Amino acid sequence: MLKVLIVDDQKGIQQMLQAFFEIEGYETVTANNGSEAVEWVKKGNIDLVIMDVKMPIMGGIEALKDIRKINPQLPVIMMTAYAEFNQKSTAQKLGIIDWLYKPLDIELLKEIVRNIFHEKEKNIGGI
């Protein structure tokens, strides 16, 4: 089963995304900040990260930089409630899959995630 790491300091967002991904058939784990996210990625077995930009302790961009050092190919989707153009540019240079604004468009997220995992399956000899 594919594992999605949900990183947000708001429990409501975590719970909503957990429910969404579990309904879609994915296993989920959560982190409250970028530092916890980096620890999850170090453990391995994460197939996708969906991460907020603004969080306490370690924000999403800083965590993304550390994640890239651990796993340069790991698909990451960033999300934010703010128009942060400098951070978006930095995240894009670090190879994010997409940048989404809150409130999230769940149908768009569903399409992005399916495309990510469809590509992953093709690259490992699946469908």
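The values are calculated or read from the model by the stated rules, or taken from the named source; none is laboratory data. Please read all numbers here as calculations on a predicted model, not as lab measurements. Backbone-built Cβ (ideal geometry, glycine too); neighbour counts: all protein chains shown.
Those residues that are in contact with a helix residue (DSSP H, G or I) (Cβ under 6 Å, 6 or more places away or on another chain) and within 14 Å of Ile6 (Cβ to Cβ), I need them from segment 30-45; list them, please.
Across segment 30-45, the qualifying residues are Thr30, Ala31, Gly34, Ala37, Val41.
Could you tell me whether Met1 is more than 17 Å from Met79 (Cβ to Cβ) and in contact with a Gly (Cβ under 8 Å, 6 or more places away or on another chain)?
yes
Of the conditions (1) among the charged types (D, E, K, R); (2) closer than 24 Å to Gln15 by Cβ; (3) out of contact with any strand residue (DSSP E or B) (no Cβ under 7 Å at 6 or more places or on another chain), Asp98 fails just one. Which one is it?
(3)
Conditions (1) aliphatic (A, V, I, L, M); (2) without any contact (Cβ under 8 Å) to a residue 24 or more places away in the chain; (3) closer than 17 Å to Leu17 by Cα, marked per residue:
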| position | (1), (2), (3) |
| --- | --- |
| Ile50 | yes, no, yes |
| Gly59 | no, no, no |
| Glu62 | no, no, no |
| Asp66 | no, no, no |
| Gln87 | no, no, no |
| Lys102 | no, no, yes |
| Ile112 | yes, no, yes |
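From the list Met55, Met78, pick out the single residue that is modelled with pLDDT of 95 or more, in contact with a Leu (Cβ under 9 Å, 6 or more places away or on another chain) and not polar (S, T, N, Q).
On inspection, the qualifying residue turns out to be Met78.
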